[in-house]
């Protein structure tokens, strides 16, 4: 394999503690190395920024609802198509790009690892078919557990060993990566057209509460020592006043200590927190609850979060939170798709236009950024748009610009049609913090890699780690205009994935050798769970058990993380 | 001795039953018996096993109308040359094959600037357009089994077209919240004919042919409690419309299944718009879903693969170097009628039997290749016929059920000696097309 030496760049790497000092990065045999031979190809990074490949912790990029979004929104492809290139397939789409475009665009921005945030187990094969067709980036997918009948029944009977055995079985069967919880209990309630909007609303028939579901899965996750913590989309998403529900959920993790061998320090990851940080009691009195959430978050070190920043675009919302999407379509009257999945989850899709002229949208924009700026620990705070819910992932460079430049934020704030009302309902105007390049490396590389339990291979530039390296044509100390930040992060100068150059001067030059990450957690043999699985498939599933498992050939290049949960 | 293979997937209709048991001879060459399948599904397996009546090598149409056997290599060369030289070839079908084969076909289409279209063109394409207009509240078939107490069959006749649908998912099964099975469910059938499905209905609305849109909108109005005018609406007495609306609203979980009776009759996608909006309206009172009764076992999969690779579910035109979608303009029937294409490739479908005669005549004038295990009206008019192994019988591969649930089909017997699978054939064509395009 070829060797590279990236010379004289300004390196930002939390793993080794390099904060913008000029130094060299060596790549050999797909790994970061101490040194390379004199045959190594030299990349001159003088005056440029060098970081590890970025890690996406939460995006909806593959699977049934993403594809339904593509198919039911032909309008999303307008003016976006790129023809077939020398190394690339034709690709298009804006908020829900084709799989090829997803891979190319992530790579061009310097991302090398991406996590699909919600995989309905029954549709796992579809998710993996799409992952297989997404070039370059390593991917994993989180199966959803928060509305699963097995989980409900075991938790209700207080059978923690069975919960663990079931989690282990489902991760292996679906080739999944982590325990995802979406609107715990609420998506099952949606089977009857209902919802759980607080952590104490009982789930119809199953007689269990969201709080019990979260607590139970959190306990199981730590008992098993999985690489990632539970990854939770709280109840009551998107409603004014919901920050209290969010706090109620976060409190469930209070005092719990992490247990794992992967260097992960959190026990709960709270996702797209922007959607969960609303105050007020109606859309008229809608205001930011970011301060309350950030204060709590700063005090409690055993949790991480991602922002879910609104980018003020026309986009496509999609979530396993079925009742929320029904609520949204009744607000904006745009086309509504819904899929309830037997025994497992629900899901919905509605297009949405975040219009800067609408007060609520502008306030949402503020809240996402406020959270990023008020949270004190960038190692626990990650930039996302909950792609495509708050905006497409291709807008990350613009969010970096807003986070790194107070001027760009204040210009936006002043430009809103309802500027005064927006400023009054938020804290953003009074926040002058600017995220530094080192902090950005924490928020987009080291932090998410660590939260996923992957910090020994991804997110850093220490020798022996995977050679995922990015060079951006940007010098932190010489930025005159905030637009330069957005431009540089939109198309990296060089991107290396596992030692292969995949992007050169902003263009894709190789499709790399992408891998699928999944977790194989070994638990003691559990006859009870085996029998329960057989019975549920016999009686209630519409598919035979023998046809449920995702066979290995759908995961042609696996990277299996083994966990001994015995 | 014989071998028994369980949990076999049936590659016939969109119901995609996955509980078949196939019994083969000891060498795994001949199928002796098929259990659990419907009559059509069982026949598909048994028929494939009858090698004596199958074409096992490609054939080329001669000037005198007869077919002459050619080698697979010659067929690959003909296909690759035809597609690579064509300015605007059409690659149609894809509904009776695996997603893996579709994926290879799409790469060829991209290189050759082809139109890619599936059998939704003559089936549920109007449904896909309606979904693009108004969305679709839906659920998996297991949800129907476990929860549904109101079932509507509109313009479809599962008793004949999807024979095991009613017993596996919709009318008879006992699920988690539906322990009494059929007794717990109310069935409404909307059909101008007294079909075998209608004979099972609690309410049969005998809609006047072509008036589905009117009846759907009348039920929507009745659901909202509005007054209907006229005694007879779309051939149905007013009282019966009110009764049906009340029945729908009073359920806990309802589902509308619909088929070609509404998608391809007068009104087309507008009918489905109205059916989806009725479903959406009903969600203000109870829980309701709507599911299209897809025909071919993997027409749904073709829409999925096209979706993630190009962003559109059918009628995709790649001839300009990027994907365009405009059903009515870029659909296969339309381009054939306009005589716009200069080569025709078909796999996993039989347009010769289902397209308008004008289109069939046009196909017969074009350089053409048909990939199909059977002799069909299409293979009879194409210049080259390439027989391949049966997907789901002689080779596995992924398929999508009518509710978009993916199920991997299985190989149960060996294909006749020396036969290619469609994926192998397409891969060989792709390799050759790449060589031709490189020069």
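Values quoted throughout were computed directly from the atomic coordinates according to the rules given, and no laboratory measurement underlies them. Note that the structure is predicted; figures quoted are calculated from it, not measured. Neighbour counts run over all protein chains shown; Cβ positions are idealised from the backbone, glycine included.
Applying 1/(1 + (r/R0)^6) with R0 = 30 Å to the Cβ-Cβ distance of residue A:194 and residue A:538 gives a FRET efficiency near 0.60. Could you tell me how many degrees, from 0 to 90 and to the nearest 10, lie between the Cα long axis of helix B:269-282 and the main elongation axis, the longest principal axis, of the Cα atoms of chain B? For helix B:269-282, the angle is close to 40 degrees. With contacts taken as Cα pairs under 8 Å at a separation of at least 6 residues, chain B carries a relative contact order of 25 percent.
Here the spin labels are modelled as points 7 Å beyond Cα on the Cα-Cβ line, and at residue A:301 and residue A:429 they lie 3.7 nm apart. Rounded to the nearest 10 degrees, the inclination of helix B:238-249 to the longest alpha-carbon principal axis of chain B is 80 degrees. On the basis of the beta-carbon distance and an R0 of 35 Å, residue A:79 and residue B:238 show a calculated FRET efficiency of 0.10. A simple spin-label model places the labels of residue B:252 and residue A:557 4.9 nm from each other, with each point 7 Å out along Cα-to-Cβ. Between helix B:72-85 and chain B there is an angle of about 70 degrees, using the helix long axis and the longest principal axis of the Cα atoms.
When every Cα-Cα distance of the protein assembly as shown is counted in 10 angstrom steps from zero, the calculated P(r) takes the values 2, 11, 20, 24, 21, 14, 6, 1, 0, 0 percent.
Compute the relative contact order of the stretch A:212-261 as a whole-number percentage, counting only Cα pairs closer than 8 Å that sit 6 or more residues apart in sequence. Working shown, then result.
Values: 29 pairs, mean separation 24.3, N = 50.
Across the stretch A:212-261, relative contact order equals 49 percent.
Along its first, second and third principal axes, ordered by size, the stretch A:90-176 spans 51, 20, 18 Å in Cα coordinates. How much FRET efficiency would the formula 1/(1 + (r/R0)^6) give for residue A:334 and residue A:420, where r is the Cβ-Cβ distance and R0 is 22 Å, rounded to 0.05? The calculated FRET efficiency here is 0.15.
Taken along the Cα-to-beta-carbon direction at a fixed 7 Å, the label points for residue B:5 and residue B:27 span 1.6 nm.
One chain, two ends: residue A:505 and residue A:2. Fully extended at 0.36 nm per residue, the span grows by 179.2 nm beyond their Cα-Cα distance.
Of the Cα atoms belonging to chain A, the radius of gyration and Dmax stand at 22.3, 69 Å.
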